[in-house]
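Take a look at the structure set out below.
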Amino acid sequence: MRHDYGGHPSQYAELWVPEDRLHEVVAVIVHGGFWRQTYGAELGRPLAADLAARGIVAWNLEYRRTAGGDGGYPETFQDIAAGIDALDAALAAAGLADGPRIGIGHSAGGHLALWAAGRYLLPAGAPGALPGNRRPLDGVVSQAGVLDLGLAHTLGLGNDAAGTLMGCSPESGSEAWIVADPAARPLPAVPLVMLHGRADADVPVGLARSFAARAREAGVRVDYREFDGDHYGLIDPGDPAWAATVSALLELGGGVARGEQSHNLPVHGLPTGILKSSPPEKR
């Protein structure tokens with residue numbers, strides 16, 4: 001069921017409703033593709049279909065992207081915010097009760113999902129800033145997420161996809177980068193599960209290890225889970241990495257706590273950064 005939240009062809013989301021709803025959680029799927037127009041909501045459809053088959057409501061979000069898609073900063077961020085906010089009306093129109101909203105973001109989508117979870121911390125007037133300290137998401141599952149935008153730029157990931165997204169360097173547009181980069185801002189006080197394959201050739205595992213270690217040091221509730229796999233198994237419904245994503249979704253949606261052992265993974269090469277957590281109010 002398609003819902004337009006704006007007039008641009010990429011400003012829409014798809015509500016996937018199971019025949020028999022078995023879980024209260026609502027999954028908000030944010031696809032990846034290094035923020036570029038080449039990749040779209042079709043990446044999230046197999047995931048949404050699998051979740052619906054498991055009795056889970058899913059919101060597959062499309063947004064304006066770079067490289068010919070009229071996106072970038074601030075448009076891409078405005079779309080993510082508007083698309084998530086449009087979920088209220090979509091659920092009501094379908095006669096569905098709301099539930100814990102958990103973002104599932106792959107690669108660049110992981111960055112956008114975590115950014116969205118922290119919208120209540122953005123300064124007034126920033127793209128996507130939420131008035132009234134409302135919480136847009138109740139947790140995030142990052143699938144090989146590009147959670148450190150500045151480090152992705154430094155490493156030149158995806159032919160400097162981060163620089164293309166922002167349209168400027170961190171030096172020439174520092175205020176915009178601070179708004180856009182979860183690693184440069186206080187992190188939202190919602191649980192974060194990070195899934196990352198050791199053989200990931202697109203988003204290096206070191207970026208994830210670094211982010212997870214700094215976030216934990218700042219007191220953020222982060223559960224870092226590294227596995228033997230690559231970048232794409234996470235979005236293949238037949239892959240064990242996707243099964244791990246579903247498990248994480250249900251844990252966060254049901255408030256199931258994980259043991260501390262999942263945090264004790266080796267961490268190397270930690271760049272400096274400032275991360276802290278601020279509590280939100282409930283929706």
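The values are calculated or read from the model by the stated rules, or taken from the named source; none is laboratory data. Since this is a predicted model, take the numbers as computed values, not measurements. Cβ sites come from the backbone with ideal geometry, for glycine too, and all protein chains shown count toward neighbours. Just so you know, the surface numbers come from the protein's heavy atoms only, side chains and all, with ligands and any DNA or RNA stripped out. Shrake-Rupley method; radii C 1.70, N 1.55, O 1.52, S 1.80 Å.
Looking only at the range 65-81, count how many residues are more than 14 Å from the chain's Cα centre (by Cα) and open to solvent by less than 40 Å² (accessible area, probe 1.4 Å).
Selection size over the range 65-81: 6.
Residues of the range 3-40 being closer than 21 Å to I235 by Cα and not in a loop (DSSP other than H, G, I, E, B), which ones?
Scanning the range 3-40 gives Y12, A13, E14, L15, W16, V26, A27, V28, I29, V30, R36.
Just to verify a result, which residue in the range 209-235, among those that are at pLDDT below 95, among the small types (G, A, S) and part of a loop (DSSP other than H, G, I, E, B), is farthest from G158 (Cα to Cα)?
By that ranking, first place goes to G219.
Looking only at the range 133-156, count how many residues are touching a residue at least 40 places away in the same chain (Cβ under 8 Å) and either among the basic types (K, R) or out of contact with any helix residue (DSSP H, G or I) (no Cβ under 8 Å at 6 or more places or on another chain) (or both).
Total satisfying the criteria: 2.
Only one of G238, G206 is surrounded by fewer than 20 Cβ atoms within 10 Å (Cβ to Cβ), modelled with pLDDT of 95 or more and either outside any loop (DSSP other than H, G, I, E, B) or polar (S, T, N, Q) (or both). Can you tell me which?
G206
Test G72 against the stated conditions and say whether it is at pLDDT 95 or above and either of a type in the set (A, V, I, L, M, F, W, C) or in a strand (DSSP E or B) (or both).
no
Spot the failing condition for A92; the list is (1) free of Cβ contacts under 8 Å to residues at least 24 places away in the same chain; (2) within 18 Å of L252 (Cα to Cα), and only one is missed.
Among (1) free of Cβ contacts under 8 Å to residues at least 24 places away in the same chain; (2) within 18 Å of L252 (Cα to Cα), A92 violates only (2).
Of all the residues that make up the range 199-220, how many are touching a Leu at 6+ places or on another chain (Cβ under 7 Å) and over 14 Å from D148 (Cβ atoms)?
0
Being out of contact with any helix residue (DSSP H, G or I) (no Cβ under 8 Å at 6 or more places or on another chain), modelled with pLDDT of 95 or more and surrounded by 18 or more Cβ atoms within 10 Å (Cβ to Cβ) is the requirement here; does E251 meet it?
Against the criterion (out of contact with any helix residue (DSSP H, G or I) (no Cβ under 8 Å at 6 or more places or on another chain), modelled with pLDDT of 95 or more and surrounded by 18 or more Cβ atoms within 10 Å (Cβ to Cβ)), E251 qualifies.
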